[in-house]
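Visitor: Just passing along the structure, written as structure tokens.
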Amino acid sequence: MIVKAEGKFLRVSAPKVRQVMDLIRHKDVLEAQTLLVNLNKRPKEYLIKILNSAIANAKVKGFSPEQLYVSSAICDVGPTWKRYKAAAFGRAAPIKKRTSHIRIELDIKSGES
């Protein structure tokens, strides 16, 4: 792991994020960015921001995006917001608003130093 970036308490469920993360894991950074921009899923917005943050962190350390790849992409479940809505016969139906914690780690491609 050369650099990492995290996003915490994001308002999207973890299984939906993992579905998109599987597409970018172990890909080149530039290829992952292109893939996310052209994808039609809601978690892509969060992933683009976190990936761009990781790239910026790498530039500060002196690495260029061409020599990096997504070595690890992890999504953990965050706390769930519990809400209630009115239901029939004076009852309340629960609503679970799920959150997630996303971590992306970049590393140097093998064969480069």
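Visitor: In which sequence would R83, R18 go, from the one with the fewest C-beta neighbours within 10 Å to the one with the most?
Guide: R83, R18
Visitor: Sticking with this one: Pairing the Cα long axis of helix 14-24 with the longest principal axis of the chain, what angle in degrees results, from 0 to 90 and rounded to the nearest 10?
Guide: Rounded to the nearest ten degrees, it is 20.
Visitor: A follow-up question, please. Suppose each label sits 7 Å from its Cα in the direction of the beta carbon; what would the E45-R103 distance come out to in nanometres?
Guide: 2.6
Visitor: Treating only the Cβ atoms of Lys and Arg (+1) and Asp and Glu (-1) as charged, compute the dipole magnitude of the chain about its Cα centre; round to the nearest 20 debye. Each step should come with its number before you reach the end.
Guide: Values: 22 positive and 10 negative charges, 218 e Å.
In total the dipole reaches around 1040 debye.
Visitor: A further question follows. Residue-wise, which Karplus ³J(HN,Hα) couplings in Hz belong to the stretch 79-96, taking 6.51 cos²θ - 1.76 cosθ + 1.60, θ = phi - 60°, and x for glycine or proline?
Guide: Karplus-based 3J(HN,Hα) across the stretch 79-96 equals x, 9, 7, 9, 10, 9, 10, 5, 10, 5, 6, x, 8, 10, 9, x, 10, 10 Hz.
Visitor: Here's another thing I want to ask about it. Label points 7 Å out from Cα along the Cβ direction at S110 and K8: separation in nm?
Guide: Distance between label points: 3.4 nm.
Visitor: Run the numbers for V60 and K96: contour at 0.36 nm per residue of separation, minus the present Cα-Cα distance, in nm. It would help to have the intermediate numbers written out before the result.
Guide: Details: separation 36, 0.36 × 36 = 12.96 nm, distance 3.92 nm.
Taking 0.36 nm per residue and subtracting the Cα distance, the gain is 9.0 nm.
Visitor: Among [x] 26, 14, 12; [y] 35, 13, 10; [z] 30, 19, 11, only one was calculated for this model; which label is it, if the read-out is semi-axes √(5λ) of the Cα gyration tensor in Å?
Guide: It is the one labelled [y].
Each value in this text was obtained by applying a stated rule to the coordinates, not by laboratory testing. Just so it is clear, the model here is predicted, and its values are computed rather than measured. Here Cβ is always computed from backbone atoms with ideal geometry, including for glycine, and neighbour counts include all displayed protein chains.
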